[in-house]
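Everything on this sheet refers to the single structure shown next.
The values are calculated or read from the model by the stated rules, or taken from the named source; none is laboratory data. Source: prediction; values computed, not measured. Backbone-built Cβ (ideal geometry, glycine too); neighbour counts: all protein chains shown.
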Amino acid sequence: MTDTSRNPEPTTAAAASTEASGPAYDNDGATTTASGERETLLEITGLSKSFGTVHANKDISLRVDRGEIVALLGENGAGKSTLVKQIFGLMTPDSGTISIKGDASRIKDPKDAIRRGIGMVHQHFQLVPVMTVAENMMLGHETTSGGLLDLDGARQMVRELSAKHKLAVDPDAEVEDLPVGTQQRVEILKALSRRVDLLILDEPTAVLTPQETDELLGVMKELAAGGTSIVFITHKLREVLAAADRCYVLRQGAVVGQVDDLSGTTTSDLASMMVGRDVVLRVDKAEATPGETVLSVKGLQVRDDRGLPAVDGFDLEVRAGEIVGLAGVEGNGQRELVESLAGMRPSAGGTVTLGSGSDTVDLTRSNAHDTNNAGVGHVPEDREKHGIVGGWSIADNLVLNRYDEAPFARGFVRDFGAVRSHAVELREEFDIRSPNVDVPAGSLSGGNKQKVVVAREMSARPRLLMAAQPTRGVDVGSIEFIHRRIVEARDAGAAVLLVSAELDEILSLSDRIAVIHGGRVVAEVAGQDADRTEIGRLMAGDSDAH
Amino acid sequence: MADPDRPDAPKAPDASTSPDAPASSEAPASSGAPASPAQTPPHDPSTIGPERPVAAPVVAERGAPPPPKGVLGFLVRHQAIVVPIVSVVLAFAIGAILIRAQGYNPTYAYRRLFEYAFLTEGGLLSTFQKTTPLILVGLAVAIPLKVGLFNIGGQGQLMAGGIGAAWVAYALRDLPAPLLVLAAVVVAVLFGAMWASIAALLKTTRGVHEVISTIMLNSIAVGIIDWLINGGPLADPAQPFPSSHAVPEGARLLPLGVIPWGLPVALVLAVLVAWMLRRTTLGFELQTVGRNKFAAGYAGISTTKATLLAMLMSGGLAGLAGAFELLQIAPYRYQGGIAGSLGFDGITIALLARGNPLGTIPAAVLVAAMRAGAPTLQFDLGIRPEIVDLLLAITLLMVSLPVIAKWIFRRHAVKQTQLAGSWGA
């Protein structure tokens, strides 16, 4: 049920490559080992790396064979990124060896790593947004013809590579116009264009929609079948089971588990290995007792950045004391909807009101500041971009949208004492792991940054809490914590609008589920009798399913 | 509040996501270990404390190394002070070579320069007279830096203020002196702010980059003023050179001993600006926009308002500098070269101060002293006074070097690099 309308690249490229199913692996003359005894591609023994008193990696040993997909599973801060950065030559181990194809000499820098057949796709893409795919591909190893850049050659290379690896990409598309999933494909192709034996993917699915994730996992399997080994970092258990051959579990810098045969393993096995205890993936919550209507959206119209309608006649009501989950494939207007409700994006029609009866506030035209003052809490989708200011302290970030209110300011003079004691309290209550509240918020791990955002928004006791992708890129322990907090906010009488690309999250938290497709609600179902498959079909735009 | 219960929480900010992290390390990827073992004193185990297994290392995964220890660590932690001092010292060292090459004794030259600037009455007055506008134009660059704007237009804004003051001083010459001074100052502030507001409005409405627009506005100011005082409506035909009418005698701000009127005003304003940025909600808004304009939008802080306010404030400060140039320095007329290179010295000062408003004070005093002492070099020693321009240029280059270095390290995909810190921080 791939939504083909979201793929801007010509489908012919994909179709053309399908006839060559199972092509012999031939990556620009890379060595192809015959099947049979598998070659060990990467072997790490006794690797340690510390930063001051923090042991980021402790005596790690692992092995990757050719054509294998190995998952590195662990919470944020477990040391996964540090480990792969050392493999890619971005950091040097304190002790231990990294041996690539039997060569244990030091990896000097990423260039050296690439020369030895290692490719890496970073979590944050290293692409130039205003350049085309072909231009990005040739960046760093430009070929010229007659003194000019050989763009035709680069285009040809993109076409060949994308046909060979079945990664459909239009070479002339500008990167900034491409969906995230396609951008990632460009990154992968870029790595593959340099004779890669071992491809490292650092949290490749963190930014992807469920569909894109499925596609990526398929691509990974294809590549592995062709002889490329893949190491991928994740903290999503489902992906490990779906794609990996083997799995190493990291906790506090050490390998705490190694699963060589994943077939008999369940997600809860992996989860408890990761966090060292049994994690309740299902959220325990009492029956909702919905009160009066808090949020009422009628016929809302919102345009996207290009001026095209993204939210188109959206109707929804959220009542006090209930969690309404908005399920949908990303790119169906959720972002524009949330931004509009939060006052960050003007609406083009319709009405938004908060409260009911005499207590009603019209939010249709209000800006972010007024919306916040009216009692709307907003956990933004992109916490790095919108949620925190990395250079401000944790304390300042905890009052980011209330810095000018009592008691945090008297008149126009800020009261640092009040800001600080507020922060000290919240740090304790929300288990924000930091040396103190004065360190820059940018120094925190993803999960802790999110706790700062959640703490800020929930501590204002909002009438409406909007949480967009509240647990994206967050470790399992923090996910559980944030989920519990959302339920607590509901029980305290807040109306909660949860927007998430993780269907599991929607299903486990919501009292009522609304499915968004094409910028409007196509179906609403009660949380307890929601059926995963049916919602999936509705998300894909198959309205007959209901 | 240090939290002794969390020994496992490293003190290292993750520089990759916090441009303003106070302490951070050199690029670990390009140079290997940030602190070589030789520079790293052994840890004192007693400070580590008991292990708490529950809390995972907070930032380890993002690969942020803790601040290096030893000499390097000291330098990195105190870079806000170290970088300017090292820059100035290096500039003087290079200048010494150049003076030596001309056959003079650099130690003697520097001593003479600063002796005149600080230890003679005339020199000290000259230093303080030059300090006044330099602090103000330094602030005019420093404030926009906090909002993420680079105001190159201090020169034009100062000239706009100066000509505004000259106009008022002539047009209202019959007013009582205190009122006349007040009117001239107010109009100068308004003119400077107005000149800056053009760049600000172009930025907020059309997205024109402020560096481009302020540079062009500098040239436009030069052209308009040339016309005004050279046969134009503000010209004094009795003067042999293009010039405005003189400020009436009663309204001239004669110095009190070695202290010109403008100096205490500039000092108070520097303190006020520092206080505004540090303690007020407005300062928080301005800096939030400078640090993350998207988060500012999320928090309901208007980028447009911050841009306009910052540019209006800096234009006003530069305009005030123009007023003092006119009112407190002979010949009390607007003449062609009145602004000199003050507006551009403001950039040097703001960068030397690393955007810190209070830092503009010592930076301005240093630059003013060099400018005040420059003629001595020529009269006493025969060294061309341009050596001072050279010293300032080298200083500016040195202060900018860390920024360039950071940029280079960034290119090597090492986002952790925080060698330089940012201008505005």
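Kindly indicate whether A:Asn436 is polar (S, T, N, Q), surrounded by fewer than 18 Cβ atoms within 10 Å (Cβ to Cβ), more than 23 Å from the chain's Cα centre (by Cα) and within 12 Å of chain B (Cβ to nearest Cβ). Walk me through how you get there before you give the answer.
Details: polar (S, T, N, Q): yes; surrounded by fewer than 18 Cβ atoms within 10 Å (Cβ to Cβ): no; more than 23 Å from the chain's Cα centre (by Cα): yes; within 12 Å of chain B (Cβ to nearest Cβ): yes.
For A:Asn436, the condition - polar (S, T, N, Q), surrounded by fewer than 18 Cβ atoms within 10 Å (Cβ to Cβ), more than 23 Å from the chain's Cα centre (by Cα) and within 12 Å of chain B (Cβ to nearest Cβ) - is not met.
Regarding region A:240-251, can at least one residue be identified that is in contact with a strand residue (DSSP E or B) (Cβ under 6 Å, 6 or more places away or on another chain), under 20 Å from A:Ser500 (Cα atoms) and either outside any loop (DSSP other than H, G, I, E, B) or within 14 Å of chain B (Cβ to nearest Cβ) (or both)?
No, that holds for no residue.
Consider only pairs whose beta carbons are under 6 Å apart and that are at least six residues apart or on different chains; among these, list those whose first residue lies in region A:445-459 and is away from chain B (no Cβ under 11 Å) and whose second residue is small (Gly, Ala, Ser) and surrounded by fewer than 24 Cβ atoms within 10 Å (Cβ to Cβ).
Pairs found: A:Met458/A:Ala489.
Condition check ((1) within 29 Å of A:Gly447 (Cβ to Cβ); (2) at pLDDT 90 or above; (3) among the hydrophobic types (A, V, I, L, M, F, W, C)) across all residues:
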| residue | (1), (2), (3) |
| --- | --- |
| A:Ala15 | no, no, yes |
| A:Thr31 | no, no, no |
| A:Glu37 | no, no, no |
| A:Leu41 | no, yes, yes |
| A:Ser48 | yes, yes, no |
| A:Asp59 | yes, yes, no |
| A:Ile98 | yes, yes, yes |
| A:Ile118 | yes, yes, yes |
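Between A:Asp304, A:Asp315, which is modelled with pLDDT of 75 or more, within 26 Å of the chain's Cα centre (by Cα) and not aromatic (Phe, Trp, Tyr)? Explain how you work it out, then say what you get.
On the way: A:Asp315 fails: within 26 Å of the chain's Cα centre (by Cα).
Sole residue among the options that is modelled with pLDDT of 75 or more, within 26 Å of the chain's Cα centre (by Cα) and not aromatic (Phe, Trp, Tyr): A:Asp304.
Does region B:399-414 contain at least one residue that is over 30 Å from A:Asp112 (Cβ atoms) and modelled with pLDDT under 90? So that I can check it myself, show each step before the final result.
Of region B:399-414, the ones over 30 Å from A:Asp112 (Cβ atoms) are B:399-400.
Applying the additional criterion that residues be modelled with pLDDT under 90 yields B:399-400.
Looking through region B:399-414, at least one residue is over 30 Å from A:Asp112 (Cβ atoms) and modelled with pLDDT under 90.
Quick one: A:Ala423 ticks every box in (1) assigned to a helix (DSSP H, G or I); (2) closer than 21 Å to A:Gln123 by Cβ; (3) not assigned by TED's automatic domain parsing to the domain that holds A:Leu503 except a single one, so which number is it?
Here A:Ala423 meets the rest and fails (2).
If I filter region A:141-159 down to residues being assigned to a helix (DSSP H, G or I) and surrounded by fewer than 16 Cβ atoms within 10 Å (Cβ to Cβ), which single residue comes out as modelled with the highest pLDDT? Steps first, answer last, please.
Going through region A:141-159, the residues assigned to a helix (DSSP H, G or I) turn out to be A:151-159.
Now restrict to residues that are surrounded by fewer than 16 Cβ atoms within 10 Å (Cβ to Cβ): A:152-153, A:156.
Numbers: A:Asp152: 85, A:Gly153: 85, A:Gln156: 88.
The residue in question is A:Gln156.
If you take the residues of region B:276-328 that are in a helix (DSSP H, G or I) and touching a strand residue (DSSP E or B) at 6+ places or on another chain (Cβ under 9 Å), which of them is farthest from the other protein chains (Cβ to nearest Cβ)? First the steps, then the outcome.
Initial filter on region B:276-328 (in a helix (DSSP H, G or I)): B:276-279, B:281-291, B:293-298, B:303-328.
In the following step, the residues that additionally are touching a strand residue (DSSP E or B) at 6+ places or on another chain (Cβ under 9 Å) were identified as B:278-279, B:281, B:283-284, B:298, B:326.
Numbers: B:Arg278: 9, B:Arg279: 6, B:Thr281: 4, B:Gly283: 8, B:Phe284: 5, B:Tyr298: 4, B:Leu326: 33 Å.
Of everything passing the filter in region B:276-328, B:Leu326 is farthest from the other protein chains (Cβ to nearest Cβ).
For region A:411-424, indicate whether the set of residues that are at pLDDT 90 or above, of a type in the set (Ser, Thr, Tyr) and either buried (at least 18 other Cβ atoms within 10 Å of the Cβ) or closer than 22 Å to A:Lys298 by Cβ (or both) is non-empty.
To start, the set of residues in region A:411-424 that are at pLDDT 90 or above comprises A:411-424.
Imposing the further condition that a residue be of a type in the set (Ser, Thr, Tyr) reduces the set to A:421.
Next cut, either buried (at least 18 other Cβ atoms within 10 Å of the Cβ) or closer than 22 Å to A:Lys298 by Cβ (or both) only: none.
No, every residue in region A:411-424 fails to be at pLDDT 90 or above, of a type in the set (Ser, Thr, Tyr) and either buried (at least 18 other Cβ atoms within 10 Å of the Cβ) or closer than 22 Å to A:Lys298 by Cβ (or both).
Please go through region A:367-420 and pick out each residue that is over 25 Å from the mean Cα position of the chain (by Cα), more than 7 Å from chain B (Cβ to nearest Cβ) and assigned to a loop (DSSP other than H, G, I, E, B).
A:Ala374, A:Gly375, A:Val399, A:Arg402, A:Glu405, A:Ala406, A:Pro407, A:Phe408, A:Gly411, A:Asp415
Quick check, is A:Gly447 within 22 Å of the chain's Cα centre (by Cα) and either assigned to a loop (DSSP other than H, G, I, E, B) or closer than 25 Å to A:Lys236 by Cα (or both)?
Details: within 22 Å of the chain's Cα centre (by Cα): yes; either assigned to a loop (DSSP other than H, G, I, E, B) or closer than 25 Å to A:Lys236 by Cα (or both): yes.
Considered against the rule, which asks whether it is within 22 Å of the chain's Cα centre (by Cα) and either assigned to a loop (DSSP other than H, G, I, E, B) or closer than 25 Å to A:Lys236 by Cα (or both), A:Gly447 comes out as yes.
Tell me which of these A:Val256 doesn't satisfy, since it passes every other one: (1) free of Cβ contacts under 8 Å to residues at least 24 places away in the same chain; (2) not in a strand (DSSP E or B).
Going through (1) free of Cβ contacts under 8 Å to residues at least 24 places away in the same chain; (2) not in a strand (DSSP E or B) one by one, A:Val256 breaks only (2).
Can you tell me which residue is nearest to A:Arg185 (Cα to Cα) among those in region A:103-150 that are free of Cβ contacts under 8 Å to residues at least 24 places away in the same chain and polar (S, T, N, Q)?
Checked region A:103-150; the qualifying residue nearest to A:Arg185 (Cα to Cα) is A:Thr143.
Is it the case that region B:148-165 has a residue that's modelled with pLDDT under 95, in a helix (DSSP H, G or I), in contact with a helix residue (DSSP H, G or I) (Cβ under 7 Å, 6 or more places away or on another chain) and surrounded by fewer than 24 Cβ atoms within 10 Å (Cβ to Cβ)?
no
In the list B:Gly300, B:Gly257, B:Gly232, B:Gly315, which residue meets the criterion of being modelled with pLDDT under 95 and either among the charged types (D, E, K, R) or closer than 26 Å to B:Thr127 by Cα (or both)? It would help to see each step written out before you state the result.
On the way: B:Gly300 fails: either among the charged types (D, E, K, R) or closer than 26 Å to B:Thr127 by Cα (or both); B:Gly232 fails: either among the charged types (D, E, K, R) or closer than 26 Å to B:Thr127 by Cα (or both); B:Gly315 fails: modelled with pLDDT under 95.
Answer to the check: B:Gly257.
How many residues, within region A:460-471, are within 13 Å of another protein chain (Cβ to nearest Cβ) and at pLDDT below 95? Explain how you work it out, then say what you get.
Of all residues in region A:460-471, those within 13 Å of another protein chain (Cβ to nearest Cβ) come to A:460, A:466, A:468.
Remaining after also requiring at pLDDT below 95: A:460, A:468.
Residues flagged as within 13 Å of another protein chain (Cβ to nearest Cβ) and at pLDDT below 95 within region A:460-471 amount to 2.
When you scan region B:232-258, how many residues do you find that are within 17 Å of B:Ala165 (Cα to Cα), in contact with a Leu (Cβ under 8 Å, 6 or more places away or on another chain) and assigned to a loop (DSSP other than H, G, I, E, B)? Let's see the steps before the verdict.
Filtering region B:232-258 for residues within 17 Å of B:Ala165 (Cα to Cα) gives B:232-236, B:242-254.
Filter once more, keeping what is in contact with a Leu (Cβ under 8 Å, 6 or more places away or on another chain): B:234-235, B:244-245, B:247-248, B:250-253.
Narrowing the set further to residues that are assigned to a loop (DSSP other than H, G, I, E, B) leaves B:234, B:245, B:247-248, B:252-253.
Matching residues across region B:232-258 total 6.
So that you can scan it fast, the table gives a plain yes or no per residue for (1) within 26 Å of A:Lys385 (Cβ to Cβ); (2) in a loop (DSSP other than H, G, I, E, B); (3) not assigned by TED's automatic domain parsing to the domain that holds A:Thr213:
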site: A:Gln86; (1), (2), (3): no, no, no
site: A:Leu90; (1), (2), (3): yes, yes, no
site: A:Gly119; (1), (2), (3): no, no, no
site: A:Glu135; (1), (2), (3): yes, no, yes
site: A:Ala168; (1), (2), (3): no, yes, yes
site: A:Val186; (1), (2), (3): yes, no, no
site: A:Arg195; (1), (2), (3): no, yes, no
site: A:Leu199; (1), (2), (3): no, no, no
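For region A:335-363: of the residues being over 14 Å from A:Arg463 (Cβ atoms), at pLDDT 90 or above and away from every other protein chain (no Cβ under 14 Å), which is surrounded by the fewest Cβ atoms within 10 Å (Cβ to Cβ)?
Applying the filter and picking the extreme gives A:Asp362.
Answer with yes or no whether A:Ser95 is under 19 Å from A:Val64 (Cα atoms) and polar (S, T, N, Q).
Details: under 19 Å from A:Val64 (Cα atoms): no; polar (S, T, N, Q): yes.
Criteria not met by A:Ser95.
Just for region A:73-97: of the residues that are in contact (Cβ under 8 Å) with a residue 60 or more places away in the chain and away from chain B (no Cβ under 11 Å), which one is nearest to A:Ala113 (Cα to Cα)?
Residue satisfying both the conditions and the ranking: A:Ile87.
What's the total number of residues in region A:427-465 that are hydrophobic (A, V, I, L, M, F, W, C) and out of contact with any helix residue (DSSP H, G or I) (no Cβ under 6 Å at 6 or more places or on another chain)? Give the derivation first.
Within region A:427-465, the subset hydrophobic (A, V, I, L, M, F, W, C) is A:430, A:432, A:437, A:439, A:441, A:444, A:452-455, A:458, A:460, A:464-465.
Imposing the further condition that a residue be out of contact with any helix residue (DSSP H, G or I) (no Cβ under 6 Å at 6 or more places or on another chain) reduces the set to A:439, A:444, A:460, A:464.
Selection size over region A:427-465: 4.
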